[in-house]
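Have a look at the structure below, then the notes.
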Amino acid sequence: MGAYRLGAVVYHPKVVTIWEAFGTWFAEQGFPIEFAPFDAYEDQVDALLEGRVDVAWNTNLAYVQTRLRTDGACHAIAMRDTDRNWTSKVVVADASPTGSLDDLRGKRLGFGDRDSPQAHILPVHAMRAEGFDPATAAVSSRLDRDVGKHGDTGGAELAQLERLRSEELDACVVSSVTLDALAGSGDAGGLREVWTSPPFHHCNFTVLDESSVDHERFRGLLLSMDASDQQLCDAMELEYVNRWVEADESGYGDLIEAVRRGPVVVG
């Protein structure tokens, strides 16, 4: 067979490093991969639908976009263990009197990129479901730092946190993963959570026809990867994965609903 064509968005130089390492390992298993880099997820979605790649390493938004454009005729075949049960958080300074979402009425609230599921689309959707529309209830501001990357870089979230620390904002939205990373590096001091969204799933490998033998072979090898393997451990750590798992498509319901309702843009 020819090489299995895998698309991934290069939101950071490490993406190339990761897939070079993974590609070497897959080739040694007798399953060569052709890595196709993309600058934006919309281009990658087009490539999958046009048959220019066999599988796309998608964000949750890119998966939902593919699902809606194919009337559900696509499938998530695998994901990271760390892709399950993300949440979005609203954080304030420790000294702030804010104790709930309702306390933010009329206050300055920061969001991430307009195409970030975790820092914009999903939190806005969840807030509105609770009767708090950030477009009208708060003085909301958005930072579009890396549009096309679906919030992968986290740059807008970190920039909003800096604005919060410098008292330009009263609160801002960050993902649970960003907050955990800050806590792990000792940089979460002075922050307090006041709201948490319902959980949702993040990235997955998306294909159009899951019955393909090549997809099954790819998934089987992926799930067999061992983070203790010296050949794989560094790349798996860079990819923020302890182990690859079967995809769980039940974690995308809120995002599907949010996207179907139309553009979610505040600030």
**OP:** Please get the size of the charge dipole for the chain, origin at its Cα centre, with Cβ charges of +1 on Lys and Arg and -1 on Asp and Glu, quoted in debye to the nearest 20.
**Re:** 700 debye
**OP:** Considering only DSSP beta bridges where both residues belong to the stretch 88-196, give the percentage that are antiparallel (nearest 5).
**Re:** 60 percent
**OP:** Within 10 Å of each residue's Cβ, count the other Cβ atoms and sort 25, 19 from fewest upward.
**Re:** 25, 19
**OP:** Take every Cα pair under 8 Å in the stretch 90-142 that's 6+ residues apart, average their separations, divide by the length, and report that relative contact order as a whole percent.
**Re:** 41 percent
Original post:
Using the Cα atoms of the stretch 88-196 to build a convex hull, what is its mean projected area in square nanometres?
Top reply: 5.8 nm²
Subject >> DSSP beta bridges in the chain [antiparallel fraction, %, rounded to 5] >> reply: 55 percent
Original post:
Taking the Cα atoms only, what angle lies between the long axis of helix 155-165 and the longest principal axis of the chain, rounded to 10 degrees?
Top reply: 20 degrees
Original post:
Measuring from label point to label point, each 7 Å out along Cα→Cβ, what is the residue 103 to residue 135 span in nm?
Top reply: 2.7 nm
**OP:** Would you work out the relative contact order for the stretch 88-196, in percent, from Cα pairs under 8 angstrom that are 6 or more residues apart?
**Re:** 45 percent
Original post:
With each label point set 7 Å from Cα along the Cα-Cβ vector, what nm distance links residue 181 and residue 73?
Top reply: 3.7 nm
Original post:
When each pair of different Cα atoms in the chain is counted once in the 1/r mean, what is the Kirkwood radius in angstroms, to one decimal?
Top reply: 19.2 Å
Subject >> Within the stretch 157-199: backbone nitrogen closer than 13 Å to the residue 95 label point (7 Å, Cα to C-beta) >> reply: 165-168, 190-191
Subject >> Inter-site label distance for residue 224 and residue 238 at 7 Å from Cα along Cβ, in nm >> reply: 2.3 nm
Original post:
How high is the relative contact order of the chain, in percent, with contacts defined as C-alpha pairs under 8 Å that are six or more residues apart?
Top reply: 30 percent
Original post:
If you count, for each residue, the other Cβ atoms within 10 Å and average over each peptide, how do 141-153, 109-121 line up from highest to lowest?
Top reply: 109-121, 141-153
Original post:
Computed FRET efficiency, Cβ-Cβ of residue 250 and residue 166, R0 35 Å: what is it to the nearest 0.05?
Top reply: 0.30
**OP:** Using the charge dipole of the stretch 165-254 (Lys, Arg: +1 at Cβ; Asp, Glu: -1 at Cβ; taken about the Cα centre), state which of 185, 174, 225 has its Cα farthest towards the positive end.
**Re:** 185
**OP:** Can you grab the distance from the C-alpha centre of the stretch 199-244 to the C-alpha centre of the stretch 111-189, Å, no decimals?
**Re:** 28 Å
Subject >> For peptides 84-96, 188-200, sequence by mean Cβ density within 10 Å, most packed first >> reply: 84-96, 188-200
Original post:
Which shape class, rounded, prolate or oblate, goes with the stretch 115-267 when its Cα gyration tensor gives a ≥ b ≥ c as root eigenvalues, a/c under 1.5 marks rounded, and past that a/b bigger than b/c marks prolate?
Top reply: oblate
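Where a number appears in this text, it was derived from the coordinates with a stated rule and is not lab data. Predicted model only: the values in this text are computed from it and were never measured. Note that we place each Cβ from the backbone using ideal geometry, even for glycine, and neighbour counts take in every protein chain shown.
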